[in-house]
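All remarks here apply to the structure that follows.
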Amino acid sequence: MSNRNRITIVSGLPRSGTSLMMQMLQAGGLPVLTDNTRAADDDNPKGYYELEAVKQTRHDASWLKDAVGTVVKMVHLLLHDLPADRQYDVVFMKRDLAEVVASQQVMLQRAGKAGAQMPREKLIAVYDSQYRKIEAWLAEQPNFRTLYCDYNQLIRDAQPVIEAVNEFLGGAMDTQAMQRVVDPSLYRQRA
């Protein structure tokens, strides 16, 4: 299992497969840190696995005292807010950006909310720039170890991704249980 002195973070853009990875890690034996405030819905029928306190990390990182030895989900832009005095293992989900944007639009429509007020291609370019910047930043952080996981690959052939995640987090996970969590029927917004 993950080093008990480290905090495991699942990160990525919204709609990039972070909830799926949280489900997989939990099934594999890693305790999840969530408050279940955001209930499962049609967009994430198996749950969001979020912790509201994560959004306030810049001003109050006290939730981290309960995070060692667990896994918590954090949107990519909030990684910058994590204190430098701790060690982090980041499982960073990447997904085809056209699919991310399409999935976000469907989710917002279902919720009756307006989406980003910019053309789709511009939004994809913004997300691509954010990816590049966070990758460069993570590479410079001595207290972060990062494994990038491709959501599209995970859906096509989960085993190599699961093996990489298991090795990254210490090699003691229940990989068969992780495999059973992957549900290709929930891959709905395809590029």
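The values are calculated or read from the model by the stated rules, or taken from the named source; none is laboratory data. Everything quoted here is computed from the prediction, not taken from an experiment. Note: ideal-geometry Cβ built from the backbone for every residue, glycine included; neighbour counts use all protein chains shown.
When the range 67-99 is filtered for residues that are part of a loop (DSSP other than H, G, I, E, B), in contact (Cβ under 8 Å) with a residue 60 or more places away in the chain and of a type in the set (A, V, I, L, M), the ones remaining, listed by number, are Ala67, Val68, Leu82. Of Val32, Val10, Val54, all but one fail to be surrounded by fewer than 22 Cβ atoms within 10 Å (Cβ to Cβ), among the β-branched types (Val, Ile, Thr) and at pLDDT 90 or above; the exception is Val32.
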